[in-house]
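One structure is given here, and the rest of the page talks about it.
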Amino acid sequence: MGRCVDRPGGWRVPALIVAAYAVLAGAAGAALAGLTGPTPAGLMLEQGGVAAVNALALGLWLGRAGRRGRDAGAARAMARAFDRLAADATLAVHVKDRDGRIRLFNPAARRLFGPGLVAGADETALRPAAEAAAAAARDRAALAGGLREDEETLTTPAGPRRLGVIRLPLYDGDGVAVGVAGLARDLTEAEAAATALRQSESRLRALFDNMLGGVAFHQPIREGGRVTGFRYLATNARFEAETGLVDVVGRRVDEVLPDLAARDRRLVEAAVRVIEQGRPERFDYFFHILGRWYEVAMFRTDDGLLGVSFHDISDRKSAESRVEHLAFHDLLTGLPNRRLAEDRMSQAVAHADRAGSRAALLVLDLDGFKAVNETLGHEVGDTVIRGVAARLRDCLRETDTLSRAGGDEFLIVLTDLRGGEAASAIAAKILARVAEPFEIQGLGLVTTASIGIAVHPDDGEDFATLLKKADTAMYQAKAEGRAGWRFFDERMNRDVAALLRLRAGLRRALDRGEFELHYQPQLDLASGRVIGAEALLRWNHPDLGRVTPDRFIPLAEETGQIVPIGAWVLEQACRRAAAWQGEGLDGVGVAVNLSAVQLQRDDFDHTVAAALARSGLAPDRLELELTESVLIKDAEPRLAALSRLKALGVRLAIDDFGTGYSSLSYLKRFAVDRLKIDRSFVADLADAPDDDAIVRAVIQMAHSLGLRAIAEGVETTAVRERLRALGCDEIQGYLLARPLPADAFAAFVRDHHAALDSAGGAVPSLPILANPA
Ligand SMILES: Nc1nc2c(ncn2[C@@H]2O[C@@H]3COP(=O)(O)O[C@H]4[C@@H](O)[C@H](n5cnc6c(=O)[nH]c(N)nc65)O[C@@H]4COP(=O)(O)O[C@H]3[C@H]2O)c(=O)[nH]1
């Protein structure tokens, strides 16, 4: 040991320390003397002297070593320790005498032990009694037994703190322990940090083991400085469930998955890249070997491992691809939808421009499909749509696109056409194929379609324009009798615009009271009396004036509005006919035209019964006129509906008889009361022998079935007389009167009957009444 200085009072401290005090503390050096005085004043070194105090403490401690060794080696060790300690200002140092009284302490000690730490105080000034006693006991043990290290609790007003304390006995020149130096370090934060670290590690471990996805750490295998493979180092519990791979830890990845490099090269490349470049990567990957989709995150840990976290997203991927498919396809038929058709049309246009050819867009709409759906149900409707889709596909080339745009509408994109006419050939082929009967639920169902065609570049460049024009052409095809195809042309565009205007107006017409019923008299040829009236609907359009039923009834049928409109007609007609009974028109019934769509409604008989009940009209004064086509299509369901109507007591007539293909058996089964001979046979009856033969046959057939025959469209007395000669029962036509407003009709009948009565029952020669129809 170096030179030691004997201090009064027997304290022996290394000269180096003393020197340090002298230099660093100046006056403190003097105070140090007090340390050994009879009433030690104590010393607290201020800033700058801290290291010295620490050094002192260690010096005192090492002094003991010096005392024992007193050699140069120990002195050097002390010097080194001095240096180290000088750098450490955080150690709390306090020195107590044998009696446990504080003699010396540094600022760190004051900070740690608080203001109770003053010279002359003992442990009881620093901490609660029990703690103080334990600390004093440890001091005593150090005095007696030498250096000791303890961990102990120091209770402070701010809470308990954990201390690591080294106690060094201090010896006088005779080797008698005279005091204890305590070097205390506050471990509270460090312990808290260690605890936090432990907890955090255990949390991470729990997370690792309980993650919903698989995690694996891999040790890269290097050859010649390059990463040539990986070895599984750790996997979590989920790893096995996600991959089906077991007991992989410790094994090389290419041993566990020998095909990896060949089949999943991208994955291996990503792993090597992450290790070599250190940048994490994240991607969705179809793992060929495992045949499943995974979302993968790869990262390099600080210690150079490859971390891979992943989870199986195969279900999500297949849901995504389903959603994607749905976004571009129709659910019912699996065909591309309108969005995809739009895309294909753009491609077809681009191709046509490059190749100098044409592309066509066809809009196909089934005729009367609404009726199929409503009468036979949606299941049958769906079957028809699927059947039509299959037939359409048969008619097209691979390069064409067939799409279902919704409902009963299909779009067809034809590519690479030499001329627009090629599109018409395909349209004709399609129409013929669609019109072949379907055999569904034992029914032979015939459906036709109408097609509109727009051609690029003639009709436009883009999908929207071509679609609008093809649509217009399709409407035109419908308006011209359906079951046909039309190319777009500008005139057609105007017609369709007018049609659309009508359609829009029709929606509001009922609410706005724009409908009116006219009544056309029906005359019994034998008696010359008016026995009934046909109710004929008129639409007084606010801008277009009077719109004829031939124009708007098909529209109303198409949109289904015929149902409320037809109900209104029934209600009005029944009320009016009921009123006639009290107005001198007793016995005059009313005939109402029915559309097939109305009959398809299950509740139609209720509508009729309600109209009768509300008006008080006797059921046999109401006649319902059906066209032949109503009877031939889907006869069986109709039969039930008509039977219910017959059960109400109303009469049935077949309108336009002769134009369709009514089977005689149906006429009987439907319990029809009257046949109405179509005016196309009646108009030229007097001059056309064919018509004469037909009318004669119809009248005879009616009579043989016990039905009455009425001829419509009678315009001349010659026709009337011919009908009379052929035995026709009743007539209706301009010869007698045009359809008349209700009041005019009542007046007409009264006048007619008055004239008849005054003529003594002889049939008057009837004028052709020129009333506005
Ligand atoms: N050239 C000529 N024509 C004559 C003569 N006598 C009557 N007409 C017309 O012939 C049509 C007879 O009606 P329809 O065959 O049932 O044909 C009707 C009927 O099928 C339908 N319709 C009219 N009202 C209704 C209705 O309320 N409901 C339904 N579903 N259809 C109706 O509209 C069609 C046309 O009705 P309108 O235009 O009123 O035309 C009426 C009538 O004005 C004549 O001597 N010569």
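Quick notes on this one:
- Coil-residue GluC sites (Glu not before Pro) of segment 423-525, DSSP, other Cβ within 10 Å capped at 15: Glu461, Glu480
- For segment 139-156, backbone phi angles converted through the Karplus equation (6.51, -1.76, 1.60; θ = phi - 60°) give residue-by-residue couplings of 4, 5, 4, 5, 4, 7, x, x, 3, 9, 10, 9, 10, 9, 9, 10, 8, 10 Hz, Gly and Pro being listed as x.
- Per-residue 3J(HN,Hα) values for segment 442-449, derived from phi via the Karplus relation 6.51 cos²θ - 1.76 cosθ + 1.60 with θ = phi - 60°, read x, 9, x, 9, 10, 10, 10, 9 Hz in sequence order (x marks Gly and Pro).
- About its Cα centre, the dipole of segment 376-441 is roughly 160 debye, where the only charges are +1 on Lys and Arg Cβ and -1 on Asp and Glu Cβ.
- Shape class of segment 511-758 from the alpha-carbon gyration tensor: rounded, with the ratio a/c of largest to smallest axis under 1.5.
- With a threshold of 28 Å on the Cα-Cα distance, the over-threshold entries among Lys370/Lys646; Lys429/Lys468; Lys478/Lys646; Lys317/Lys370 are Lys478/Lys646; Lys317/Lys370.
- Among the trypsin sites (Lys or Arg not before Pro) in segment 501-567, those placed in a DSSP loop whose Cβ has at most 12 other Cβ atoms within 10 Å are Arg512.
- Length available on full extension from Asp247 to Arg546: 0.36 nm per residue minus the Cα-Cα distance, which gives 98.8 nm.
- Rounded if a/c under 1.5, otherwise prolate or oblate - segment 211-317, Cα gyration tensor axes: rounded
- Residues whose placed amide H lies under 5 Å from that of Glu534, excluding near-sequence neighbours: Gln520, Gln522, Ala591
- Summing +1 for each Lys or Arg and -1 for each Asp or Glu among the other residues whose beta-carbon sits under 11 angstrom from that of Arg273 gives 0.
- Electrostatic dipole magnitude of segment 211-317 [Cβ: Lys, Arg +1; Asp, Glu -1; Cα centre; debye, to 20]: 240
Read-outs: derived from the displayed coordinates by stated rules, not from any lab. Bear in mind that the values here come from a model prediction, so they are computed numbers and not experimental data. Counting neighbours? That spans all protein chains shown, and the Cβs are built from the backbone with ideal geometry, glycine included.
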